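The block underneath contains the structure these notes are about, expressed in structure tokens.
The values are calculated or read from the model by the stated rules, or taken from the named source; none is laboratory data. If you're wondering where the values come from, they're calculated on a predicted model, not measured in any experiment. Positions of Cβ are generated from backbone atoms using ideal geometry, with glycine treated the same way; all protein chains shown enter the neighbour counts. Heavy atoms of the whole protein, side chains included, go into the accessibility calculation; ligands, DNA and RNA do not. Shrake-Rupley method; radii C 1.70, N 1.55, O 1.52, S 1.80 Å.
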Amino acid sequence: MRVTGWVVLSVKKSLGAEEMYNWDLQNQIVAFVDSLRPMAGYYHDMYYGSLYAFADQQSHLLTLLGFPPVP
């Protein structure tokens with residue numbers, strides 16, 4: 001590496017794929033995501049149900065505070 005002041009002008013060594021990625025960790029992430037696939041519909045419904053419930057609750061709170069409801 002050649003440095004002039006605080007600026008790096010060139011880097012001689014390039015990183016290979018084995019140095020950039022932790023393949024064991026990547027494989028564990030993929031295995032975890034694959035283990036969630038059978039329940040994906042349930043998680044989707046649970047997420048949107050809780051999201052809509054939160055938005056509805058906040059709408060009621062804002063209405064109680066005097067803001068007009070949004071149709």
Segment 16-71: number of residues that are at pLDDT below 90 and not in a helix (DSSP H, G or I): 7
Mind listing just one residue for me: the one in segment 31-60 that is among the charged types (D, E, K, R) and farther than 30 Å from residue 71 by Cα and, of those, most open to solvent (accessible area, probe 1.4 Å)? 37
Are any residues in segment 17-58 of a type in the set (Gly, Ala, Ser) and in contact with a Phe, Trp or Tyr (Cβ under 9 Å, 6 or more places away or on another chain), and if so, which ones? 17
